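Encoded as structure tokens, the structure appears first; notes follow it.
The values are calculated or read from the model by the stated rules, or taken from the named source; none is laboratory data. In this text the structure is predicted, and so the values were computed from the model without any measurement. Here Cβ is always computed from backbone atoms with ideal geometry, including for glycine, and neighbour counts include all displayed protein chains.
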Protein chains: 2
Amino acid sequence: MTFLEQLNEWRTSHSILFGADTAPYCLDQRRRYQGRALAVARPNSTEQVQQLVRLCAEHQIAIVPQGGNTSLCGAATPLNDGQSIVISFERMTQIVQVDADNNTITVQAGVTLAQVQQAALAAKRLFPANWAAAQSCQIGGALATNAGGVNVLRYGNMRELTLGLEVVLADGELWEGLRGLRKDNTGYDLKQLFVGSEGTLGLITQAVLRLYPLPTAHATALVAVESPAAAVDLLRGLQAEVGDRVTSFELISAPCLDLLHQHFPRLPQPFQPIPAWCVLIELSDGGDSALLTDRLAEYLYAHGCMEAYVAQSPTEAADFWRLRESIPEAQRIDGVSIKHDISLPIGAVPDFLQKCDTEMLSSFAGARIVAFGHLGDGNLHYNLFLADKTAGVYALEPAVNDLVYRHVAAYNGSISAEHGIGQLKRATLQDARSDLELHMMRQIKATLDPLGLFNPGKVL
Amino acid sequence: MTFLEQLNEWRTSHSILFGADTAPYCLDQRRRYQGRALAVARPNSTEQVQQLVRLCAEHQIAIVPQGGNTSLCGAATPLNDGQSIVISFERMTQIVQVDADNNTITVQAGVTLAQVQQAALAAKRLFPANWAAAQSCQIGGALATNAGGVNVLRYGNMRELTLGLEVVLADGELWEGLRGLRKDNTGYDLKQLFVGSEGTLGLITQAVLRLYPLPTAHATALVAVESPAAAVDLLRGLQAEVGDRVTSFELISAPCLDLLHQHFPRLPQPFQPIPAWCVLIELSDGGDSALLTDRLAEYLYAHGCMEAYVAQSPTEAADFWRLRESIPEAQRIDGVSIKHDISLPIGAVPDFLQKCDTEMLSSFAGARIVAFGHLGDGNLHYNLFLADKTAGVYALEPAVNDLVYRHVAAYNGSISAEHGIGQLKRATLQDARSDLELHMMRQIKATLDPLGLFNPGKVL
């Protein structure tokens, strides 16, 4: 039987799509990558994934794993050579187990982040990972991307939240590493290879994730600060006072609030006028929100934060968060921008912004810098609007990237904090990591996927 | 020049020891492994480490890296073939940087855990890793072992506390991964390979470690519980009330307290009579110890913990901790025991103890089971005294291990939670991990250390 004949035979059992039906799986969320696929397979079990991988290995057909198709770097989109298949995990949606005594949840790869959060909540536990695509992104993709989000400051990335994995390897063999242990020093920690590998080393089919005690109290504030340096001081001062209750600490620049004002005029914005910088702070704890809110308000007052708005209700807190979370959409409405997802040592953020902004404004007349991000973990989304707000601006992307990444390198920072490499930053990675590092990565790739079946043209 | 001629030329610069001077480096801490070495080299820089590795690679001489020589599995002791050299990191003791804004510390491999804790404290930060050997163990060894300890429940193992590494590879090349970033998704996370690899993949020369806000309040209690199941309930109930303020939660069985009473009669023991089980609880937070202590006392009282001793002073808290920390020494004084460092899903601990104890007592007449450990992270130290309290008892070790590890496997647990594999569990690892896992590990070893120079006869 040929490859396509076998797929056709599996059409119903493995839910295989052909032709026009594959289209939604071949365009990335940012609409930058239009790929083509021989077919899209939607297995409903680990065993079906193994069957598909074995078939592809036999015929040397490449495989692009896809979760919620929310990659911001084209990591889940097939190349446009039409020589690969997409394996979508959308039918592997089982929550296998919530173990409240062990504080773990076991799920199949296609469960969405929001579903994991909900299942944890039902057991009075917290699954702390959270970001904008929570409703649509899937755990398999989140793990493959080592996704981050707004609570990394306190709880870590997906890597730190993972205890065990089940992975289909390149020969179709199954690595059963679905352990729920917090300490396990029996040889090399193989799961670490797959987390963050963007589907290039294996296909994650199940995971055991950490749960945490459920905070019952929240306090949220929007606080104007003089400068990014003042924001760093506020973060460390606040932590000295309330420790790890600081779960989010988001930096927002004036151009972000301007964009929100312009495109979402009904979103309540407390500041009048808009300050050069502000931070969105979230504390969480057990006990009572009113007490925690008072404590935050008192701290801000005592430390001279004169323009601080402390949310007085969950609704107001949600409004503050809506501001933060609407920034990417306000940007999108405004036009095409050149985006960067960078990270820096936290103390270097102020200096970076000062120096990079200066060179950017002198190099690209009329540039508007939209900077915001997770200051608490050193992650900045550093985006640029130039005169051309169409896709034509991408012609300038290499020059803009070069400038930004030079400054990132000067502080030993990262060109991809939480979005990964995918197709978008594949070329840039060659400069960002040393030859030795790239060589080591290629060696690992060759060891685990000698035929290069898994997600070719991504990362390396 | 021959290998030994070159070493002799480096005798002063690289602080090379020969003959009888190598003895202290050739015996492990538990005195179970007596090895022999061609020489012991004590480089004082990364460059000297590279020179030594290049020389060894050229002459195909094996290298055993050694930190504080506190391995409990013989991981840092050379084999007795006398064909390897030991590289000791004891002269690489520089604290390179404490970055309070970034909450990171950068240290050379030979810095002790206690020195890292001290340097963090001086910057009003916490380095949370802690265990009995803090004064003598070195960071390089702690990383290579992925060591755990008493605060893993709240802060994770050494792996989770590591942001960046500098590693000398098997060809003497230097991997410069000394980044201090909390988010960095630029390809495979290479540092994960070296953490927990017990010196078999590379030599860690420097590390960037995470620091945390410094807790100022502590509350400590010794609480009698009816059973391990009651201990798990208390842990989850307490976390629901005070969240992640629970930083340690240690389970202690009656035989431990008996041993302490017998061998350290002056150590104050509050319980009269000794209960079947008790837990040592530590909470930490910002603010004031008195308030936190009251809160803990009130919780224990309200939840029917009638035999609970809440420390009323730092001295009393230290006494409680001394009890816990003296258990291994009391055991040692009592004689030779057969030890296990296992981990289980936390909810499975009570069932495991019940079933494994029952079979142990029926299989080995007169066995005394000394069980204690970090219940909060599922890690038990499950030790056995049999009639023979000399090293002769090791003849029964395989049979005892077989029994224990069968029960561990039944709960998908781990045969080495925090001590690693080393020489001690090398044979056992073959049964504890699947053929596929062992194959993957061997592939990684062959990729990164093709000549097998690094720590042969350990782990794999």
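For this structure, a couple of remarks:
- Scanning the stretch A:202-236 for residues that are at the interface with chain B (Cβ under 7 Å from one of its Cβ atoms), touching a Ser or Thr at 6+ places or on another chain (Cβ under 8 Å) and part of a strand (DSSP E or B) yields a total of 0.
- For A:Arg32, the stated conditions do not hold, so it cannot be described as outside the structural domain of A:Val167 (by TED's automatic domain parsing), touching a residue at least 24 places away in the same chain (Cβ under 8 Å), within 26 Å of A:Val107 (Cα to Cα) and touching a Gly at 6+ places or on another chain (Cβ under 9 Å).
- Filter pass, B:Leu251 being within 24 Å of B:Gln118 (Cα to Cα) and either in contact with a Leu (Cβ under 7 Å, 6 or more places away or on another chain) or aromatic (Phe, Trp, Tyr) (or both): no
- Every residue from the stretch A:271-296 that is under 16 Å from A:Thr247 (Cα atoms) and of a type in the set (A, V, I, L, M): A:Val279, A:Leu280, A:Ile281, A:Leu283, A:Leu292, A:Leu296
- Taking every residue in the stretch A:399-426 that is under 20 Å from A:Val64 (Cα atoms) and more than 7 Å from chain B (Cβ to nearest Cβ) and pairing it with any residue that is hydroxyl-bearing (Ser, Thr, Tyr) and in a strand (DSSP E or B), at least 6 positions away or on another chain, the pairs with Cβ-Cβ distances below 8 Å are A:Lys425/A:Ser416.
- Scanning the stretch B:7-43 for residues that are over 19 Å from B:Ala76 (Cβ atoms) and of a type in the set (S, T, N, Q) yields B:Asn8, B:Thr12, B:Ser13.
- Number of positions in the stretch A:427-460 that are farther than 20 Å from A:Leu79 by Cβ and polar (S, T, N, Q): 3
- Qualifying positions in the stretch A:426-447 - touching a strand residue (DSSP E or B) at 6+ places or on another chain (Cβ under 9 Å) and under 18 Å from B:Lys191 (Cβ atoms): A:Leu429, A:Ala432, A:Ser434, A:Leu436, A:Glu437, A:Met440, A:Lys445
- Residue that is of a type in the set (D, E, K, R), in the same structural domain as B:Gly180 (by TED's automatic domain parsing), under 12 Å from the mean Cα position of the chain (by Cα) and within 24 Å of A:Tyr212 (Cβ to Cβ), where the choices are B:Arg125, B:Arg154, B:Arg159: B:Arg159
- Positions within the stretch B:177-201 being more than 7 Å from chain A (Cβ to nearest Cβ), at negative phi and not in a helix (DSSP H, G or I), in sequence order: B:Gly177, B:Leu178, B:Val195, B:Thr200, B:Leu201
- Within the stretch B:354-387, the set of residues being in contact (Cβ under 8 Å) with a residue 60 or more places away in the chain, within 14 Å of chain A (Cβ to nearest Cβ) and either surrounded by fewer than 23 Cβ atoms within 10 Å (Cβ to Cβ) or not in a strand (DSSP E or B) (or both) comprises B:Leu375, B:Gly376, B:Asp377.
- When A:Ile333, A:Ile338 are checked against the criterion of being touching a residue at least 40 places away in the same chain (Cβ under 8 Å), more than 30 Å from B:Thr106 (Cβ to Cβ) and crowded, with 19+ Cβ neighbours inside 10 Å, A:Ile338 stands alone in meeting it.
- Residue ID - nearest to the other protein chains (Cβ to nearest Cβ), chosen from residues in the stretch B:140-176 that are farther than 30 Å from B:Ser248 by Cβ and assigned to a loop (DSSP other than H, G, I, E, B): B:Glu173
- A:Asp99 satisfies every condition listed in (1) modelled with pLDDT under 95; (2) within 30 Å of B:Leu153 (Cα to Cα) except (1).
- A residue that is assigned to a loop (DSSP other than H, G, I, E, B), touching a His at 6+ places or on another chain (Cβ under 7 Å) and not hydroxyl-bearing (Ser, Thr, Tyr) occurs somewhere in the stretch A:66-84.
- Criterion violated by B:Ile105 - all others in (1) surrounded by 21 or more Cβ atoms within 10 Å (Cβ to Cβ); (2) at the interface with another protein chain (Cβ under 10 Å from one of its Cβ atoms); (3) under 30 Å from A:Leu234 (Cα atoms); (4) not charged (D, E, K, R) satisfied: (2)
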